[in-house]
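Here the structure comes first, spelled out in structure tokens, and everything after it is commentary.
Please treat every number below as a calculation from the coordinates, not as lab data. If you're wondering where the values come from, they're calculated on a predicted model, not measured in any experiment. When we count neighbours, we look across all protein chains shown, and the Cβ atoms used for this are built from the backbone with ideal geometry, even at glycine.
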Amino acid sequence: MSTSRLRMWEGKEWEKYIQRLLQMHYGIGNYQEIPDKHGGDFGIEGYSTDGCAYQCYAAQEPLSTKQRYEHQRNKITTDIGKFINNKTELVKTFGHTVINRWVLVVPLSESASLVQHASTKAKEVLDAKLSYVSDDFKIIIITDDSFKKEIQELAYIGAIDIVLPEIEVTPEDCNNWISENDGLVGRLNEKALKIPKLKPEEKRQDFISSIVSHYLRGQNSLDKFNKDYPDIYARLNNCKRTYEKQLETLSLISNNPAPQHLTEALEKYRIELENTINNLPNTTIQNLAWEGISDWLIRCPLDF
């Protein structure tokens, strides 16, 4: 899923984000941003030496599909009008570069009608016989899904935030896992018996369900990292393996009561994760920290 679909963007925030992706995509010397504070606003926010002109647009959400289409349609109409009417300024802007694509970059595109509208407006551009437009000119609508490699690279160096969907785990998911893993659940139950507050059977079962829920939710998040941010996943995996080795030793020698040992391990691992990847939201850090604790309780590196 596109990162952009997981949040509501302000217009300037979206533009700044897309400009970074474009600069990363094209490299130095191949992409020119067009500032609008002094003499700009020609219906584009940048262009590349390969003939693509870019415009960024994030409608103010939440919107229905129809409302979003109308906002995006009007954006194309307005800015293509500027692209046609500002001939003198755009000739000076593009120089010898001929534009073959006008690309609208939006957080979410889900309307076939918008594509049809883009084709209609592209014909208007061709009919205008502009010297800076090629004969195969088209208007294209894309999202940041087109820049997955660039997103991964910027996320890896901490230049952009990493946003993952909130992954829900249902009671049925937990019950299915519990029913299929008797041995691991038995081991978890033995550890729960060492925590005084969990002596009552009902509380132990609640604890086991909670730990399994944390584990499944965290595993889902790690799978998402592995798919969308493989380099960051590798760092997270290395962080977890390194801390697991420390925890195994500490579990052998610690005289702390079980609740203290567990909570200290959780906090220390959370700090390790924060230090490893500094652009993760706090909710994601907490999710991953609990995944590690749950995994170690289930498998035994965390023992008491």
Springs between alpha-carbon atoms under 10 Å, Gaussian network over the chain: tell me which of LEU252, LEU108, LEU262 tops the mean-square fluctuations. LEU252
So which residue, out of ARG101, ARG187, ARG73, gets the largest mean-square fluctuation from a GNM of the chain using Cα contacts under 10 Å as springs? ARG187
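Please work out whether the range 3-152 counts as rounded, prolate or oblate from its C-alpha gyration tensor, where a ≥ b ≥ c are the square roots of the eigenvalues and a/c under 1.5 means rounded, while otherwise a/b larger than b/c means prolate and anything else oblate? Intermediate results must be reported in sequence, preceding the final value.
On the way: a/c = 1.69, a/b = 1.22, b/c = 1.39.
Here the range 3-152 falls in the oblate category.
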Where the Cα atoms of the chain are projected onto their three principal axes, how long is each span, largest first, in whole Å? 80, 38, 29
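PRO259: net charge of surrounding residues, Cβ under 12 Å, Lys/Arg +1, Asp/Glu -1, itself excluded? Please report the intermediate quantities before stating the final value.
Values: positive: LYS191, LYS194, LYS197; negative: GLU264.
Summing Lys/Arg as +1 and Asp/Glu as -1 gives +2.
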Where Lys and Arg each count +1 and Asp and Glu each count -1, what net charge lies around ARG101 among other residues with Cβ under 10 Å from its Cβ? -1
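Near ASP127, within a Cβ-to-Cβ distance under 13 Å, what is the net charge of the other residues, with Lys and Arg +1 and Asp and Glu -1?
Details: positive: LYS121, LYS123, LYS129; negative: GLU124, ASP135.
Taking every other residue near ASP127 into account, the sum is +1.
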Please arrange VAL169, VAL212 by how many other C-beta atoms lie within 10 Å of their C-beta, fewest to most. VAL169, VAL212
Scattering profile of the range 152-268 from the Debye formula, Cα beads only, expressed as log10 I(q)/I(0) at q = 0.10, 0.19, 0.20 Å⁻¹, is -0.41, -1.19, -1.23
To one decimal place, what orientation-averaged projected area in nm² is obtained for the convex hull of the Cα set of the range 210-304? 5.6 nm²
